[in-house]
Each structure stands twice: as C-alpha cells, then as structure tokens.
Amino acid sequence: MNAQHHRKHSIPLACINCGTITELRDFPGACPNCGETIVEARYDMGSINVNEWLAALKTRPSSLWRYHEVLPIYDTANIVSMGEGVTPLIKSRALAAALGLNHLYFKDERQGPTGSFKDRQATVAISALKEMGVDEVVVASTGNVAIAYSAYGARTGVKVWAFAPALTPNDKMREAAIYGAEIIKTTGNYDQTKQLAAQFARAKNLFLDKGIKSVAATEAMKTMAYEIAEQLGDELEDGGRWRSPDWFLQGVSGGLGPIGVAKGFRELHDFGLVDKLPAFGLIQSTGCAPMVEAFERGQRVATPIEDSQTIIVTLATGDPGRAYQILYDYVHENGGHFTSATDEEAFNAIRILARNDGISVEPATGVTFAGLFRMVREGIIKPDDVVVVNCSGHTMPVEKTILGEQWQKLVDMTETSEIPALPPQDDLVAALEQINAASKKIVVIEDNEEAARLMSRILETRDDCEVHMAHNGEAGLRLVQRLHPDLIITDLMMPGVDGFELINRVKADPQLVNTPIVVVTAKELTVREREQLDEQADMILQKGSFIDDTFVEKLIARLN
Ligand SMILES: *Cc1c(COP(=O)(O)O)cnc(C)c1O
Ligand SMILES: [Zn+2]
C-alpha cells in the first residue's frame, strides 16, 4: 500500500485554567504557570480549508484516523489501527415507537475491534505511546479499557499491566489475558484499584494511563462527536451539512467519554460545522451515583461514594473528582440532565432493547437505556428531539443474570438420529496432551470456582505450566489418575471426597505415590489432621495468602 504520511510540527496544549500553552511532546504533566494538570490539545483549523477537508473525508479509509488533523499524533506513520471508529449510527424502530420518540439513534460502539468505545481510547493512546517510545503501560480498568489496550498493545508490542477491581467479571479479564496482558485482580473497589495501579506504576517507573488527564484519551473520545455530527448530517440535512443531536446519552463512570465528546462538539462549533452543542443525558447506577446525587443537590463538587452498591462495576467510580465539575459546567451551559437507574432496571432495559431492536448491550449501556426511559417518562426528552445513545459492549458475561436457567429447550435425539458420535472425550484430551508434552501438568482441586480460576490464572502466567481444574474430590481424583500430573494442588474442605481422603487415595496408588501435593486451606487444622498432612503433603498454604510471586515461586520449586 502506498501509505501517505502526514506530519504535524506542533501540537499545542492549552491549560484549562490559565490558557498557558505547552507543547505535547514536552508537556511536564502540569501547567508550568499554574500547576493545573488538565490541558487540552489545540489544532490550527484556520490553516485548513473546511470544504476541502469535508470532501477529502469522503475518500478516506473507514477508521477514526480519517480525522487525523485533529488527533494528537505528530506522524501518522505511528498509528496503530484496526479499523476502529466509524461505527454505524442506527435508527431505532420499535423501541423508538414504544417510547414515542421520532429520532432515536444508537451509536453502535459494539462494532469496534473489541466491542466498546474504549477502542477509540486504545488506538489513540497506544499510538501516542508508540510515538513517544514508551513500551509498557499500566491501566486500572473494570474490563473494557483493559481489553482494548491489551489488543492494541499486542499489535505493536506495548506491554499492558491491567489492574481490575474485585467485581470485574472474569470473562472480561480473560479476554484481556488472551492478548497477553498482565492481569492483576485486586480485592478492592475501583477507586482503590486505581490508587494501587498508580502506586505500582510509580514504583516500577512505568507509564500510567491518566483517564481524563490524558490528552490522548479525551481526544480519542471526541471522535464520537465528529462521527455523530457527520452521520446525522447525512441522515437529516441536505447538502452534507453536519448536525448536532439534541441529546447525547451515556452511562457515566469516570466521565472520559462525555468530556471528550463535549470537546468534539465544541471544536465542531468553533469550526462552524454545527450550530449548537447537544444536551447531555448522563446516567449512573443508583448504587454508585455520586454525580447524580451532587446534581440533585445543586452542587458543583461531588461527595465520593465509599461503598458502591452496584454489580455493574463498569460504572462504579465512587470519586469522580474533577470530571464531575467539567460535566456539571457543560450541562449548565448547554443543557442536560444527570439521572440514575438501578441494576434491575438496567437488566430489564437490556432485555427490552434486545427484543425490540435486535441490539444486545452490556450492563453499563443497560443503565443508559433505563435512564433514557426515565427521561422520556419525566418529559425531559421530548418526542421530536434527536437523541443519540452511546451503545457498547456484548452481553456475554451477564446473559445468565438476565435469562435465568430456562432459556433453551432441549431435544433428545438419541433414539432417532444417525448423527455420527463425537470422538470420546478422553481421546481428545489425549491428543491435546501430546501437543503440550513439554509443559508441566498441574491439577488444581478446589470447590470454589473463583478461587480455582484465580490460582490457575496465576500459574498460567508461566509458559511452562498447564493447569487442569476440578471442582470436587471425585472429579479431581479421576483427573489425577488420568493425567499423572507433576503437581497436585488441593483444597481440604469439599463435599463428597474431601482433601484428606483424596490425599489418602493418591498415596495408596503406586503410580501416584510420588506426586508432590500442595494443600491450600482456610481450615483450622486439628493436631491429628496436621500430623497427617505433615506426613503426606509437601506444602500447606493458608488460603488468601497465595496471590503473589512467592506463591508461584514456591510451587514451581516443587515441580523440579
Ligand atoms: C468505560 C465505559 C463507560 C463509562 O465511561 P466514562 O466515559 O469513563 O464515564 C460506560 N459504558 C461503557 C460500556 C464503558 O466501557
Ligand atoms: Zn495554567
């Protein structure tokens, strides 16, 4: 491909407090004049002929980098792209009719490379890091940022350290792990996890992604505004004029999305491309709604929520800090509303949206729709308003919560069918084992599935370990007998065959008697139990003590 590179000589940053200009590549992290840490990129649109630019856009590749003139990258050769952005703006049919809205649109961010609008942030941030020569980055994430950064990081060799709060669904973090990110799951909430990530970055001298204080991140999010205005222009205006919606709605946590989108519309207004800025509908989970609570009290500063009560962890920022003030000011100037929705309302909204319009979204977006329903009911959003909803995410981790157990019907075909049988399970396993012959086999027997997964994840960060799991004693014993592992890690308290019996049976089997055994337990051991284990087990670990490197090192030592 004949790639044409574009270079900018300068990307000025303006302090949002005093306006002092610094250069992006030299930015010291705070305004040299007043110490403010939030700065905004400025672009010289005066030097661009807007009509030529609009015409050129039509011929550019379908990615948000078609707006590269207004993105914070010096040399487009450094762009790391997978076709993110330029997601469809889909007009709602049935749901709009049910709500009595004439112009309801979904900005379908599910269609990005990793399924959320965090793809935008990742492509710009990772490209900017690459341009600066940074090759490791630390993020705190409830899932989507970790997934997106991991994917883009993998593509260009930037290593990602992703810190996730306790409530993050494992399905999400596993997706990040697939891309090779280091996943650190904490026992804390989102705010605590952010602090831990910052400490870690400082201690290891690694680059920390700074959310709303990151120029790359806010600039990335503004591309939603550009796309919406361009797409609504095509849809509603003659002659290719761009157009702002009356409303932009999003579920809000840290506030990065709407802050970026606000900057985008402000730029478009300054360039003369749109007539006005949209009102914002900003929706939080009732169980963690510091912005909504402050807004309802008429306050410009939010009181942090210490104990979040929502399972929708994507929206569980308890302390929004400066982001709330920026959004509060925006809403004061341009209109808008903060409201909240319960987890139950959010799950219900997901079902309603999916059944009416064929779009299934993740819980954070369910919150947004529940908020939309409320704002329509309360007369805040009017029938003729042009409304755009930021839709993100697949429902995969929560389908179980929404659908319950009775979601499918089974047809028993064993009597009538001629469908060839699948190869027996054991053959498959045997075949797989041959492929992995070089690695050490570890069997983890643990009835708490979360604990088992945590352990296996820690072990699997070693390339030379292959972890098999069983969730009760019987299954564990069968696995051990079949695999002859290099190490057995077992819990003690399990229903049926418990750890003590399992160990007895292993020790009674001449083929298994020499297999090292590590016991992980939360149980207070009796003197007799301790004697038995001292004799039969190689190591006894207290539960909860194993989430660190030394745990892995100790186990690996047992393998050799
Ligand atoms: C990150 C995220 C949010 C919250 O975004 P902010 O703009 O940072 O408040 C909401 N919904 C989804 C799907 C997200 O991934
Ligand atoms: Zn300043």
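Quick notes on this structure:
- Any chance ILE326 is more than 16 Å from ligand 2 (Cβ to nearest atom) and buried (at least 18 other Cβ atoms within 10 Å of the Cβ): no
- THR368 satisfies every condition listed in (1) farther than 29 Å from GLY255 by Cβ; (2) modelled with pLDDT of 65 or more; (3) not in a loop (DSSP other than H, G, I, E, B) except (1).
- Across region 197-227, the qualifying residues are those that are out of contact with any helix residue (DSSP H, G or I) (no Cβ under 8 Å at 6 or more places or on another chain) and not basic (Lys, Arg), and the one among them that is most open to solvent (accessible area, probe 1.4 Å) is ASN205.
- Screening the candidates ILE38, ILE16, ILE11, ILE21 for the property of being within 16 Å of ligand 1 (Cβ to nearest atom), modelled with pLDDT of 90 or more and outside the structural domain of THR218 (by TED's automatic domain parsing) yields one hit, ILE38.
- Some residue of region 282-292 being surrounded by fewer than 23 Cβ atoms within 10 Å (Cβ to Cβ), outside any helix (DSSP H, G or I) and away from ligand 2 (no atom under 16 Å from the Cβ): yes
- Taking the numbered list (1) away from ligand 1 (no atom under 16 Å from the Cβ); (2) of a type in the set (Gly, Ala, Ser); (3) closer than 29 Å to GLY321 by Cα in turn, ALA94 passes all entries but (3).
- Qualifying position, being crowded, with 24+ Cβ neighbours inside 10 Å, within 16 Å of ligand 1 (Cβ to nearest atom) and assigned to a helix (DSSP H, G or I), among PHE295, PHE265: PHE265
- Every listed requirement among (1) away from ligand 1 (no atom under 16 Å from the Cβ); (2) buried (at least 23 other Cβ atoms within 10 Å of the Cβ) is met by THR168 save one, (1).
- So VAL145, is it under 15 Å from the mean Cα position of the chain (by Cα), within 16 Å of ligand 1 (Cβ to nearest atom) and farther than 24 Å from ARG66 by Cα: no
The values are calculated or read from the model by the stated rules, or taken from the named source; none is laboratory data. Just so we're clear, the structure is a prediction, and the values are computed from it rather than from any experiment. Backbone-built Cβ (ideal geometry, glycine too); neighbour counts: all protein chains shown. Ligands, DNA and RNA are excluded from the accessible area calculation, which covers all protein heavy atoms including side chains. Shrake-Rupley method; radii C 1.70, N 1.55, O 1.52, S 1.80 Å.
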